[in-house]
Every structure is written in C-alpha cells, then in structure tokens.
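A quick write-up on the structure given underneath.
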Amino acid sequence: MWDDDHLLQDEAALRALYGPPVEAAVFKEIDHLHPIYRPFVENATMVVLATHGRRWLDASPRGGPPGFVTVEDPNTLLMPDRPGNNRADTMRNIIHDPRVGLLFFVPGCAETLRINGRAVLSLHPDLMERFTENGKKPRCVVVVRIETVFIQCSRALKRARAWDPASQVDRDTLPSIADMLAALRPVPETGIPQPAAFD
C-alpha cells in the first residue's frame, strides 16, 4: 500500500493520470473578488481558515451571521477574531507565515468559494471599534489581501448531503465535549491522559 513503486511523486505523473484541467476550471480563477463572487462572501455563515505555522498546517472553522466577513474592497477582506479558547493557533501561524486559504460556506448552497491570499493581524483602533459587537471588541481583526479567488463546484457537498436534514447524525450518538475532556484530562500524578475505555 505504501511502497514507493505505487506512489504519485511528481507533477508529470499526476498530470498524466488526471489529464488537463477543463477550460472553466482555469478561467474561473482570478486575482480579486469579482462582483459575481461577492454574494458568496456576503451570505456565508461559515468559513474554514487554513494557515501554515512552524509546526504544522491548521484549518479552523469560523462562523457568524451573514456578512461576518466584510468585503472592504475587491482585494481586501476583514474578519474579526472573537474570543475563544485562547489557543490562538491560527493567529500564531499567521504571524509566522501570512499565507492563508479560506473556504466559504453558504447555508443551503452546495457551491463553495475559495480565496487564497496573505493576512495580517490588525489592532487598529478604527477597526477594533468598527467590529465591536454587544459592547465587546474583537481580539484582533484579520485583514486578508486577496491573491486568488475561484468557485468550487457542488460535487463534494452534494456527495456529503451536507444540507440534507435526512443525513444529519443524532448528536447523542457521538461523545460529548464533556466526555472527551474527561477522557483526555491528564492524571495529576503522571501528566498522562487516562486510557480510553472500550466496550
């Protein structure tokens, strides 16, 4: 399964296997947020923000009401970072490497919008005030300078039946957050997580 004779290891072999991309897959990628793409940002309630740090890659879900990611201009997005668990993995990664990828999800829509660019973390007073919500300022504002934008077709979400209520899993069939934290909490004497119990 893992022997080198059966691995794809260079782009020439990859292209020979997949063939050339279809024409639309090429010209749909542009270097700014075209008006035809803008509604996908303005109506998205979830974004997956991918970053690269010194140790590993990270993909972090971000959510909010439609428009929680603001289109400042065709080349700039603004995303307030609200208080969370203080791991700050994404923020630390951006400080180390500004390259980011964003995947925008609009409820009920099977297409997604992909944006790549470079980000900085701003504490500018005007931005902090602008994104104050219920009297609470964001920790910072992620400013994304857009480099590429393109639409992702609906195949993945349709296959996943992502918006189909019939495909939803009963939450009670999965471990709760409390159960997971209890299972992973270090034993005080050793600092080692308790072994999981399997039926």
Those residues that are touching a Ser or Thr at 6+ places or on another chain (Cβ under 7 Å) and in a strand (DSSP E or B), I need them from region 99-114; list them, please. Val100, Leu103, Phe104, Phe105
Residue under question is Thr173, and the condition is that it be over 22 Å from the mean Cα position of the chain (by Cα), β-branched (Val, Ile, Thr) and open to solvent by less than 60 Å² (accessible area, probe 1.4 Å); does it hold? no
Being open to solvent by less than 60 Å² (accessible area, probe 1.4 Å) and of a type in the set (A, V, I, L, M, F, W, C) narrows Leu17, Leu33 down to just Leu33
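The values are calculated or read from the model by the stated rules, or taken from the named source; none is laboratory data. Please read these numbers as outputs of a predicted model, since none were measured by experiment. Heads up, the Cβs are rebuilt from the backbone with ideal geometry, glycines too, and the neighbour counts pull from every protein chain shown. For accessibility, only protein heavy atoms count, side chains too; no ligands or nucleic acids. Shrake-Rupley method; radii C 1.70, N 1.55, O 1.52, S 1.80 Å.
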